[in-house]
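Right, one structure below, let's go through it.
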There are 2 protein chains.
Amino acid sequence: MKALVYTGPEALEVREVPDPIAADGEVEVRVARVGICGSDMHAFLGHDERRPAPLILGHEASGLAGGRRVTVNPLVTCMTCPACLRGETNLCARRQIISMPPREGAFAGAVAMPERNLVDVPDHVTDAQAALAEPIACGWNGARSGIAAAGVADRALVLGGGAIGLGAALCLMAQGVGDVTVVEPNDMRRAFLDGHVQTAAKAPDGAFDVVVDAVGIDPTRAAASAAVRPGGAIVHIGLGGGQGGLDLRRITLQQIAFLGIYTYTAQDFRDTCAAMFDGRLGPLDWVEERPLTEGARAFADIRAGAVAAPKILLVP
Amino acid sequence: MKALVYTGPEALEVREVPDPIAADGEVEVRVARVGICGSDMHAFLGHDERRPAPLILGHEASGLAGGRRVTVNPLVTCMTCPACLRGETNLCARRQIISMPPREGAFAGAVAMPERNLVDVPDHVTDAQAALAEPIACGWNGARSGIAAAGVADRALVLGGGAIGLGAALCLMAQGVGDVTVVEPNDMRRAFLDGHVQTAAKAPDGAFDVVVDAVGIDPTRAAASAAVRPGGAIVHIGLGGGQGGLDLRRITLQQIAFLGIYTYTAQDFRDTCAAMFDGRLGPLDWVEERPLTEGARAFADIRAGAVAAPKILLVP
């Protein structure tokens with residue numbers, strides 16, 4: 001099969017590689033669409049020691065498994081540890097994710113997955129839409145956790161209009177938050193988002209029940225600290241870097257919850273798919289498609305901030 | 001009446017002042033015992049612009065109100081705003097606390113309080129024990145919030161063996177956490193705590209469901225970040241200062257909740273009193289009593305780290 005292989009910092013090559021070998025309980029998924037995630041970019045730049053070259057990146061896939069159209073939950077968990085038994089599969093100490101050794105990723109013709117990681121896709125949902133389940137599921141978990149911590153959530157702010165931020169905004173609305181605003185400073189990106197969601201170039205005044213930081217850098221943490229209401233929740237999904245920005249005095253005196261969010265539980269993933277399939281998350285048309293063979297160019301364009309759509313999908 | 005008046009940075013004077021005037025719905029509480037809190041020390045050092053001199057400090061009081069023995073919830077809230085109506089009285093935007101203008105504190109012969117802020121004290125509970133309700137209620141809220149966020153809580157760590165830390169540890173145990181350890185580096189203080197609670201001079205190895213930071217400085221936040229298990233909760237009650245120490249990458253990748261905790265709701269205060277009165281919080285004998293007239297000396301001793309007991313109570 002063809003694969004887009006990460007061969008070293010800032011280097012991607014299309015190579016012919018052997019098809020994946022499905023272990024017991026696993027099946028081969030022929031990849032139809034696969035998204036480029038911020039964590040793929042992080043690895044591509046050589047900043048993720050958990051993803052050493054050579055490696056096939058990519059973990060946001062839809063495809064065909066034995067004739068079934070499926071979308072893929074890329075987190076492979078043990079199902080036997082205390083966290084898995086509680087349903088907190090994202091906290092499994094033995095968790096694996098495709099695109100991180102020992103598992104190759106989905107920037108390829110096919111990927112091997114445990115059967116239990118697949119969700120069937122109905123006819124009216126396209127492969128492109130189905131490939132969005134993974135990034136949106138992160139926002140589903142973030143919205144669920146933030147709303148629960150805030151107790152009452154009528155008004156939310158999302159910092160960052162990429163796929164994680166937009167997905168979180170759609171999930172907040174689907175979970176009952178009436179007033180959701182996405183802050184996105186990039187004019188091209190913000191213009192693209194208009195019509196999908198309420199946007200702003202900078203954080204509006206006022207106090208928000210839930211603030212999602214889908215960037216995760218010092219300035220967004222500072223903005224989140226200022227914008228959340230007393231007793232509200234900051235949902236920290238982004239991993240932009242740095243250790244500062246939080247106003248710990250305000251967080252303490254105003255009893256604010258700061259929630260680290262990592263991926264999603266298996267139930268979050270299924271709930272996200274159900275919401276996507278019945279239309280609660282909108283038309284899911286905020287993507288741009290490119291051939292897998294032009295993947296290196298896609299990485300370069302994303303890095304240059306020259307992509308309006310929150311998500312590029314590669315087509316093997 | 002006599003009062004211990006904060007007259008300027010590092011200055012306290014015993015003065016004769018007029019008795020407090022109880023407004024409509026308020027009663028005069030003759031103070032029997034009143035604790036010295038870290039926030040009183042903060043104000044005494046001139047570091048709290050919300051508490052300008054001259055001012056009577058002190059907000060941890062028990063006493064006599066019209067013949068009834070009572071303990072005092074010092075937070076005066078509006079009872080009509082959305083937060084109060086939700087029961088989140090500690091988030092009331094119009095909240096007041098005695099010892100902060102416009103309300104004088106309880107380092108005095110008497111203090112005026114709304115009737116609804118008083119909890120009756122049964123005969124078998126002493127004035128000294130009753131005066132501990134306020135600091136312990138902070139820990140009750142912290143324990144309740146931390147256990148809820150962690151989901152499962154069998155093992156907890158408390159950083160800091162002052163009244164807030166010890167109170168939080170007792171509340172964690174009363175709320176069902178089987179294994180609770182208090183980390184206290186001061187040998188004299190730790191020796192005093194032995195017998196009341198399991199102690200350690202530094203954080204033991206292992207992963208804890210809930211970590212209470214009852215100090216709130218960069219090193220304790222760093223220790224809390226390292227000690228909490230994936231999916232667990234850090235309860236941040238201390239306001240020691242600084243903005244660093246948190247390991248935001250671990251908090252995010254391991255889905256940890258960092259919870260700012262401010263005081264307690266009116267219900268937390270009542271629940272704390274109920275647990276104190278029926279013995280669930282132990283003998284409550286970890287105090288040292290001194291005359292109000294020697295209050296200045298008590299502040300000096302606390303500042304010098306020369307007090308073994310987690311709490312000094314002043315006796316007017």
Long-range amide H contacts for B:Arg229: which residues qualify at under 5 Å (H placed 1.01 Å from N, peptide plane, sequence gap of 5 or more or a different chain)? B:Phe208, B:Asp209
Whole number in Å², please: accessible area per residue of the protein assembly as shown, 1.4 Å probe, ligands, DNA and RNA not counted. 37
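Using only the heavy atoms of the protein chains and a 1.4 Å probe, how would A:Val29, B:Val14 rank by accessible area, largest first? If you can, show how the numbers build up before the last one.
On the way: A:Val29 0, B:Val14 65 Å².
Of A:Val29, B:Val14, the descending order of accessible area is B:Val14, A:Val29.
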Got a sec to turn the phi values of the range B:273-283 into Karplus ³J(HN,Hα) couplings, 6.51 cos²θ - 1.76 cosθ + 1.60 with θ = phi - 60°, whole Hz, x for Gly and Pro? 4, 4, 5, 5, 5, 9, x, 5, 9, x, x
Keeping all protein chains in position, work out how much accessible area A:Ile36 exposes to a 1.4 Å probe, and write it in Å² to the nearest 10. 10
Excluding residues fewer than 8 positions from A:Lys311 in its own chain, the lysines with Cα under 24 Å of it are A:Lys2, A:Lys202
Could you pull the Cα extents of the range A:65-153 along its three principal axes, largest to smallest, in whole Å? 43, 33, 20
What is the local net charge at A:Leu75, summed over the other residues whose Cβ is closer than 10 Å to its Cβ (Lys, Arg +1; Asp, Glu -1)? 0
Loop only by DSSP, 15 or fewer other Cβ within 10 Å of the Cβ. Give me the trypsin sites (Lys or Arg not before Pro) in the range B:1-53 that pass, ordered by residue number. B:Arg50
17 Å tail of the calculated P(r), the range A:248-316, as % of Cα pairs: 67
Contour minus end-to-end for A:Glu13 and A:Asp285, with contour as 0.36 nm per residue of separation and end-to-end as the Cα-Cα distance? 95.1 nm
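Show me the GluC sites (Glu not before Pro) within the range A:6-59 that DSSP assigns to loop and that have at most 12 other Cβ atoms within 10 Å of their Cβ.
Working: sites: A:Glu10, A:Glu13, A:Glu16, A:Glu26, A:Glu28, A:Glu49; in loops: A:Glu10, A:Glu49.
Of the GluC sites (Glu not before Pro), the ones in loops of the range A:6-59 whose Cβ has at most 12 other Cβ atoms within 10 Å are A:Glu49.
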Candidates A:Cys273, A:Cys81, A:Cys92; GNM for chain A (alpha-carbon contacts under 10 Å) flags as most fluctuating A:Cys81
Within a Gaussian network of chain B (alpha carbon springs, distance under 10 Å), most fluctuating of B:Gly105, B:Gly142, B:Gly282: B:Gly282
Which ³J(HN,Hα) values in Hz, rounded to whole numbers, follow from the phi angles of the range A:83-100 under the Karplus curve 6.51 cos²θ - 1.76 cosθ + 1.60, where θ = phi - 60° and Gly and Pro get x? 5, 4, 5, 7, x, 8, 5, 5, 9, 4, 5, 9, 4, 10, 9, 4, 5, 9
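Provide the buried accessible surface between chains A and B in square angstrom, both chains summed, 1.4 Å probe, rounded to the nearest 100. Show your work: numbers first, answer last.
Numbers: alone 13210 and 13240 Å², together 23460 Å².
About 3000 Å² of accessible surface is lost on pairing.
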Starting from the alpha-carbon convex hull of the range B:136-260, give the projected area averaged over all orientations, in nm². 6.5
Any idea how far the Cα center of the range A:216-232 sits from the one of the range B:273-316, in Å? 37
At 20 °C and 1.002 mPa s, the Stokes-Einstein diffusion coefficient in µm²/s for chain A, with hydrodynamic radius from the Kirkwood sum on alpha carbon pairs, is 109
Could you please report the charge total around B:Leu157, scoring K, R as +1 and D, E as -1 over all other residues with beta-carbon less than 14 angstrom from its beta-carbon? -2
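Mind checking the full-extension length gain between B:Asp154 and B:Ala23? Use 0.36 nm per residue of separation minus the Cα-Cα distance, one decimal, nm.
Numbers: separation 131, 0.36 × 131 = 47.16 nm, distance 4.64 nm.
Stretched out fully, the B:Asp154 to B:Ala23 stretch lengthens by 42.5 nm.
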Pull up all non-local amide H partners of B:Arg69: gap of 5 or more, or a different chain, and H-to-H distance under 5 Å with H placed in the peptide plane. B:Val121
With all protein chains present, the range B:136-260 has a carbon and sulfur share of its accessible area (1.4 Å probe) in percent of 55
Please average, across the residues of A:241-254, the number of beta carbons from any other chain that are within 10 Å of each residue's own beta carbon, and give a whole number. 5
Would you mind computing, in nm to one decimal, how far apart the modelled labels at A:Asn186 and A:Ala222 are, each placed 7 Å from Cα along Cα→Cβ? 2.2
Tell me, what ³J(HN,Hα) does each residue in the range B:25-42 have, in order and in whole Hz, if you take phi through Karplus 6.51 cos²θ - 1.76 cosθ + 1.60 with θ = phi - 60° and put x for Gly and Pro? x, 10, 10, 8, 9, 7, 6, 9, 9, 8, x, 9, 9, x, 6, 5, 4, 4
Tell me, what is the FRET efficiency for A:Ala296 and B:Ala93 to the nearest 0.05, using R0 = 41 angstrom and their Cβ-Cβ distance as r? 0.15
Gap in Å between the Cα centre of the range A:34-60 and the Cα centre of the range B:144-199? 42
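Could you compute how fast the range A:206-271 diffuses translationally, taking Rh as the Kirkwood radius over C-alpha pairs and applying Stokes-Einstein at 4 °C with viscosity 1.567 mPa s? Give it in µm² per second. Walk me through the intermediate numbers first.
On the way: Rh = 12.2 Å.
In µm²/s, the coefficient is 106.
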Quick one: what Rg and Dmax do you get for the protein assembly as shown from the alpha carbons, in Å? 27.8, 91
Kindly provide the helix-only [θ] at 222 nm of chain B, computed as the sum of -39,500 (n - 2.57) over DSSP H runs of four or more divided by all residues, to the nearest 500 deg cm²/dmol? -8000 deg cm²/dmol
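Give the residue list of trypsin sites (Lys or Arg not before Pro) in the range B:57-87 that are DSSP loop and have at most 16 other beta-carbon atoms within 10 angstrom. Write out the running numbers ahead of the final one.
Working: sites: B:Arg68, B:Arg69, B:Arg86; in loops: B:Arg86.
Answer in residue order: B:Arg86.
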Gaussian network model of chain A, Cα springs within a sub-10 Å range: biggest mean-square fluctuation belongs to which of A:Ile217, A:Ile237, A:Ile136? A:Ile217
From the Cα trace of the range A:1-132, what convex hull volume per residue do you get, rounded to a whole Å³? 107
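The values are calculated or read from the model by the stated rules, or taken from the named source; none is laboratory data. Since we're looking at a predicted model, the values are computed, not measured. Cβ sites come from the backbone with ideal geometry, for glycine too, and all protein chains shown count toward neighbours. Just so you know, the surface numbers come from the protein's heavy atoms only, side chains and all, with ligands and any DNA or RNA stripped out. Shrake-Rupley method; radii C 1.70, N 1.55, O 1.52, S 1.80 Å.
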